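My structure is below; once you've seen it, I'll send some questions.
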Amino acid sequence: MIDPLTAFAAVKGAINAGKEIHSMGKELASFFDACDGAKKAHEKKKNSIFASSNEEAMDTWMRKQQAIDAEAELREIIVNTRGYNAYQDLLKIRRDIAAERKEKERQERIAAEEFRQNVETTIVIILIFAVVVGLLFSALYFKGYL
């Protein structure tokens with residue numbers, strides 16, 4: 001995972017170089033992914049029963065705060081260069097993409113569960129078939145046909 005400050009530096013550098021916000025999809029996506037990752041990492045460590053290291057907790061908290069600060073600075077840059085509506089549009093697009101990703105993950109979990117169930121069903125059918133064939137051969141053997 002990329003550091004939020006590194007991702008923000010790339011975004012800020014592109015803006016300072018005169019690149020338009022609408023053409024910075026990759027940089028912005030990387031930045032928002034890094035920010036979201038930092039926030040999730042902090043929540044995961046904070047809620048972990050194994051999180052006994054204060055240093056690690058402080059590190060994730062600092063990354064989270066850096067991500068929040070970088071998002072606020074990005075907001076100011078976008079509002080100052082493109083206007084408040086452009087920032088609201090960016091947030092809407094971000095929410096839409098997050099919803100799409102969540103739905104995709106949900107669909108993947110459903111597909112994985114269906115696959116697991118299909119495998120289990122196939123194994124059960126094969127076992128039943130093997131037992132039936134075994135019983136059939138046993139019956140034929142004891143009757144003297146084999």
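Would you point out which residue out of Lys39, Lys44, Lys143 is out of contact with any Asp or Glu (no Cβ under 9 Å at 6 or more places or on another chain) and modelled with pLDDT of 85 or more?
The conditions single out Lys143.
Related question: Could you check Ala70 against (1) more than 22 Å from the chain's Cα centre (by Cα); (2) modelled with pLDDT of 85 or more and say which number it fails?
(1)
Follow-up. Can you name the condition, by its number, that Tyr141 falls short on among (1) in contact (Cβ under 8 Å) with a residue 40 or more places away in the chain; (2) over 20 Å from Asp33 (Cβ atoms); (3) not acidic (Asp, Glu)?
Of (1) in contact (Cβ under 8 Å) with a residue 40 or more places away in the chain; (2) over 20 Å from Asp33 (Cβ atoms); (3) not acidic (Asp, Glu), only one is false for Tyr141: (1).
Might you check whether a residue that is closer than 21 Å to Pro4 by Cα, part of a helix (DSSP H, G or I) and either of a type outside the set (A, V, I, L, M, F, W, C) or out of contact with any helix residue (DSSP H, G or I) (no Cβ under 7 Å at 6 or more places or on another chain) (or both) occurs anywhere in the stretch 123-145?
No, the stretch 123-145 has no match at all.
While we're looking at this one, here's another question. Would it be correct to say that Met62 is more than 19 Å from Lys92 (Cβ to Cβ), surrounded by fewer than 16 Cβ atoms within 10 Å (Cβ to Cβ) and either modelled with pLDDT of 80 or more or within 21 Å of the chain's Cα centre (by Cα) (or both)?
yes
The values are calculated or read from the model by the stated rules, or taken from the named source; none is laboratory data. Bear in mind the structure is a predicted one, so any value in this text is a computation, not a measurement. Virtual Cβ from ideal backbone geometry, glycine too; neighbours counted across all protein chains shown.
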